[in-house]
């Protein structure tokens with residue numbers, strides 16, 4: 001009887017910890033996403049200021065500065081004028097992209113989606129330049145979940161979960177005696 005109660009208590013504790021861990025991971029993911037958005041938005045504003053002062057040639061000077069950040073300049077018709085990750089001439093028209101439509105309508109726009117070019121989930125932020133074209137800055141979101149999990153002090157892989165179940169069983173068995 002005592003062993004059953006201990007097992008039940010351990011099970012409740014284990015489930016509670018798992019639920020807490022899941023919720024904490026979700027909160028950390030949201031926090032990391034917010035930080036990523038702020039970083040990309042600030043980066044876009046800096047680049048916009050530099051392009052507005054120096055002209056579009058500034059973008060070519062930026063090539064290779066940060067390969068994790070993708071920068072694209074798009075005309076009002078959606079033609080890609082510059083892209084830090086690909087040859088602008090080979091890219092399709094971007095006029096239907098949500099962040100580009102928003103930026104053309106209201107000055108800024110954003111979207112989260114899987115990139116057709118890169119094949120990864122990306123956060124896109126677009127901002128209108130003085131010449132009427134759109135500057136779009138994007139970063140991958142691949143590691144946001146991993147960052148949230150890595151921030152937490154405990155990881156429940158199969159070995160640890162098995163060890164905790166074995167410990168619970170040994171505890172219950174020793175209390176039976």
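The values are calculated or read from the model by the stated rules, or taken from the named source; none is laboratory data. Computed from a predicted structure; not experimentally measured. No Cβ is skipped: glycine too gets one built from the backbone with ideal geometry, and neighbour counts run over all protein chains shown.
Remark: pairs (first residue in the range 22-42, free of Cβ contacts under 8 Å to residues at least 12 places away in the same chain; second residue surrounded by 12 or more Cβ atoms within 10 Å (Cβ to Cβ) and in a helix (DSSP H, G or I); Cβ separation under 7 Å; 6+ apart in sequence or on different chains) are absent.
Filtering the range 81-107 to residues that are touching a helix residue (DSSP H, G or I) at 6+ places or on another chain (Cβ under 8 Å) and farther than 15 Å from residue 51 by Cβ leaves 94, 95. Could we say that residue 91 is modelled with pLDDT of 80 or more, more than 12 Å from residue 136 (Cα to Cα) and touching a strand residue (DSSP E or B) at 6+ places or on another chain (Cβ under 6 Å) here? It is true that residue 91 is modelled with pLDDT of 80 or more, more than 12 Å from residue 136 (Cα to Cα) and touching a strand residue (DSSP E or B) at 6+ places or on another chain (Cβ under 6 Å). Here is a list of conditions, (1) crowded, with 16+ Cβ neighbours inside 10 Å; (2) more than 19 Å from residue 120 (Cα to Cα); (3) in contact with a strand residue (DSSP E or B) (Cβ under 9 Å, 6 or more places away or on another chain), and residue 45 meets all of them except one; can you say which number that is? Against the list (1) crowded, with 16+ Cβ neighbours inside 10 Å; (2) more than 19 Å from residue 120 (Cα to Cα); (3) in contact with a strand residue (DSSP E or B) (Cβ under 9 Å, 6 or more places away or on another chain), residue 45 comes up short only on (1).
Can you spot a residue in the range 48-63 that is under 21 Å from residue 142 (Cα atoms) and either touching a strand residue (DSSP E or B) at 6+ places or on another chain (Cβ under 7 Å) or without any contact (Cβ under 8 Å) to a residue 40 or more places away in the chain (or both)? The answer is no, given that none of the residues of the range 48-63 is under 21 Å from residue 142 (Cα atoms) and either touching a strand residue (DSSP E or B) at 6+ places or on another chain (Cβ under 7 Å) or without any contact (Cβ under 8 Å) to a residue 40 or more places away in the chain (or both). Check the range 54-63 and report whether any residue there is under 25 Å from the mean Cα position of the chain (by Cα), at pLDDT below 90 and outside any helix (DSSP H, G or I). Yes, the range 54-63 contains a residue that is under 25 Å from the mean Cα position of the chain (by Cα), at pLDDT below 90 and outside any helix (DSSP H, G or I).
Would you say residue 15 is part of a helix (DSSP H, G or I) and modelled with pLDDT of 90 or more? When the stated conditions are applied, residue 15 passes them. Checking the stated criteria, residue 71 turns out to be in contact (Cβ under 8 Å) with a residue 60 or more places away in the chain, within 21 Å of residue 140 (Cα to Cα), touching a strand residue (DSSP E or B) at 6+ places or on another chain (Cβ under 7 Å) and part of a strand (DSSP E or B). Condition first: buried (at least 16 other Cβ atoms within 10 Å of the Cβ) and within 11 Å of residue 138 (Cα to Cα). Can you find one or more residues in the range 21-29 that meet it? Scanning the range 21-29, I find no residue that is buried (at least 16 other Cβ atoms within 10 Å of the Cβ) and within 11 Å of residue 138 (Cα to Cα), so the answer is no.
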